[in-house]
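K.L.:
Have a look at this one.
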Amino acid sequence: MGAKNRVIAGDYMGKNVIKALNSVMISIGLKEKAIELDKYSVVAYEVITEEQRKSAASGVARGLVGGALLGPVGMLAGGISAKNKGIYQVALQFKDGKKSLIEVDEKLYKTLVAKMF
């Protein structure tokens, strides 16, 4: 099963994460402009690893899984496991204070990381 390529927790939950031209965006809807995920809109991002998910599930290191970025939502989402290789869960903190946890495939992930520099 592949990545969902969508927001799985936090602000914009359920919205699709898409690649358009050389950008990664959260598609908000027909009437609203998509949010481009780049260094101009995102103040911080963190890849949630399998190790962090396990630590959060056991309660050993609650602050690791997006605690700083997503708070309780991040802890909840950190328990969600993407067991397939090439699937990335990334916690995002936007400059406007909103926070999202996205799940993307390797292609979107690589473009996202490039846009953060």
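K.L.:
Among the listed residues I48, I28, which satisfies the condition of being among the hydrophobic types (A, V, I, L, M, F, W, C), within 13 Å of the chain's Cα centre (by Cα) and either surrounded by fewer than 20 Cβ atoms within 10 Å (Cβ to Cβ) or modelled with pLDDT of 80 or more (or both)?
P.N.:
I48
K.L.:
Looking at the range 93-104, which of its residues are assigned to a strand (DSSP E or B) and without any contact (Cβ under 8 Å) to a residue 60 or more places away in the chain?
P.N.:
Q93
The values are calculated or read from the model by the stated rules, or taken from the named source; none is laboratory data. Everything numeric in this text was worked out from a predicted model, so none of it was measured. Quick reminder, even Gly has a Cβ in these numbers, built from the backbone with ideal geometry, and neighbours come from all protein chains shown.
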